[in-house]
Amino acid sequence: MAKFGLLGGKLGHSLSPAIHELFFKYTGIEGSYELLETELEDLPKRMENLKQSFLGSNVTIPHKLHVMPLLDTITPEAQAIGAVNTIKFTDKGAFGYNTDYFGFSRMLAYNDIVVKGCVAAVLGSGGAARAVMKCLEDEGAAEIYLVTRKPEEVDQHFLEIAPGCKVIDYDALKELKGDLIVNCTPVGMYPKVGVAAVSPMVSASFEASVDLIYNPAKTLFLQQAEDAGKKAVNGLFMLVAQAVAAQEIWQDDKYSSDLIVRIMHELEEKI
Ligand code: NAP
């Protein structure tokens, strides 16, 4: 049976095994998916072991950056984002990918959110924002605003990911109108629900709001968008789509959005 897993630090609450087990159930593919908790100093040894017996692995905090020098090839988008969250082990070496990038892109497409020519604001300058910015840049957003609490401290790497992007603070955001606003902060996530990174007025200034958070299913950020009659999408589709994108890489196959939705609905009951 083909072996897959999740390489990371503390993994107790990960939904990845449930998602991949549902994938195996619905596709009929035989595979196992296990949690591979690994201390930073044990990462090189763990990677050597995985190369011998695993077909693929996901990677999460704190190893998304540290794993990169241990790989043979890294895709251009993962290189640009500066993080690998999926590895494929082959007899030609270990290949690194970033499937958050594909998961985000597929979520937008599935929800009929058009990136080409759009004005987009991205809240928060953490790891998730990098994949989101790269996707918006590659898919032709006309203007990208990175919204952060401290513009003067933003990692200059963002300007390489999206060269024309403007870095602004939350006050400047109040003056902006646009097509898409993406919450890449943890504000509003369970258990600290009932708070949003922006006011209802800001939410009403964007045609679509996307929250990468999936627990709760409807954050205050999304509620504000809905109250203003705007499109509101949570991060569950992206979470499942990035896992399915990893399987597409491992299985060298393509899977439908229907499969993502099927897994998503069953997962909703587990969250
Ligand atoms: P992170 O690195 O911990 O934080 C992201 C950024 O949020 C920070 O760099 C900070 O940016 C901003 N921030 C943090 N606390 C804040 C606060 N109290 N108020 C305002 N801004 C705050 O997180 P991440 O790994 O990028 O993930 C962000 C969110 O996306 C998490 O909720 C995560 O669960 C979710 N996520 C979902 C998926 C999915 O598949 N659906 C994938 C990845 C991540 P500034 O300092 O620039 O303000």
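Scan K218, K192 and give me the residue that is touching a strand residue (DSSP E or B) at 6+ places or on another chain (Cβ under 9 Å), surrounded by fewer than 19 Cβ atoms within 10 Å (Cβ to Cβ) and part of a loop (DSSP other than H, G, I, E, B).
K218
Which one of these does N183 not meet: (1) surrounded by 16 or more Cβ atoms within 10 Å (Cβ to Cβ); (2) near the ligand (Cβ under 9 Å from one of its atoms); (3) more than 19 Å from D211 (Cα to Cα); (4) not small (G, A, S)?
(3) is the only condition that N183 fails.
Go through the range 21-42 and give me each residue that's surrounded by 17 or more Cβ atoms within 10 Å (Cβ to Cβ), closer than 29 Å to K134 by Cα and out of contact with any Lys or Arg (no Cβ under 9 Å at 6 or more places or on another chain).
Passing the criteria: only F23.
Filter the range 69-89 down to the residues that are assigned to a helix (DSSP H, G or I) and either in contact with a strand residue (DSSP E or B) (Cβ under 6 Å, 6 or more places away or on another chain) or free of Cβ contacts under 8 Å to residues at least 12 places away in the same chain (or both) and list them by number.
Hits for the range 69-89 are P69, P76, A78, Q79.
Count, please, the residues in the range 200-221 that happen to be charged (D, E, K, R) and within 11 Å of the ligand (Cβ to nearest atom).
Of the residues in the range 200-221, 1 are charged (D, E, K, R) and within 11 Å of the ligand (Cβ to nearest atom).
Could we say that A197 is within 11 Å of the ligand (Cβ to nearest atom), part of a loop (DSSP other than H, G, I, E, B) and at pLDDT 95 or above here?
Considered against the rule, which asks whether it is within 11 Å of the ligand (Cβ to nearest atom), part of a loop (DSSP other than H, G, I, E, B) and at pLDDT 95 or above, A197 comes out as yes.
In the range 140-184, which residues are in a strand (DSSP E or B) and β-branched (V, I, T)?
Passing the criteria: I144, V147, V167, I168, I181, V182.
Give the residues of the range 103-127 that are part of a helix (DSSP H, G or I) and either more than 10 Å from the ligand (Cβ to nearest atom) or buried (at least 22 other Cβ atoms within 10 Å of the Cβ) (or both), sorted by residue number.
G103, F104, S105, R106, M107, L108, A109, Y110
For the range 227-244, enumerate the residues that are outside any helix (DSSP H, G or I), small (G, A, S) and within 14 Å of the ligand (Cβ to nearest atom).
G235
Would you be able to tell me the number of residues in the range 41-51 that are free of Cβ contacts under 8 Å to residues at least 12 places away in the same chain and under 13 Å from G5 (Cβ atoms)?
1
Checking V198 against (1) buried (at least 21 other Cβ atoms within 10 Å of the Cβ); (2) farther than 26 Å from T27 by Cα; (3) without any contact (Cβ under 8 Å) to a residue 60 or more places away in the chain, only one condition comes out false. Which one?
(3)
What are the pairs with Cβ atoms under 7 angstrom where one residue, in the range 169-194, is within 29 Å of I271 (Cβ to Cβ) and the other, located anywhere, is assigned to a helix (DSSP H, G or I) and near the ligand (Cβ under 10 Å from one of its atoms)? Sequence gap at least six, or different chains.
Pairs that qualify, where the first residue is within 29 Å of I271 (Cβ to Cβ) and the partner is assigned to a helix (DSSP H, G or I) and near the ligand (Cβ under 10 Å from one of its atoms), are V182/V132; C184/A128; C184/A129; C184/V132.
For the range 173-197, which positions are closer than 18 Å to K230 by Cβ and of a type in the set (S, T, N, Q)?
Once the filter is applied, which keeps residues that are closer than 18 Å to K230 by Cβ and of a type in the set (S, T, N, Q), the range 173-197 yields only N183.
Would you please name the residue that is surrounded by the most Cβ atoms within 10 Å (Cβ to Cβ), looking only at residues in the range 146-166 that are within 10 Å of the ligand (Cβ to nearest atom) and in contact (Cβ under 8 Å) with a residue 24 or more places away in the chain?
V147
The values are calculated or read from the model by the stated rules, or taken from the named source; none is laboratory data. These numbers were taken from a predicted model, which means no experiment stands behind them. Cβ atoms come from the backbone with ideal geometry, glycine included; neighbour counts cover every protein chain shown.
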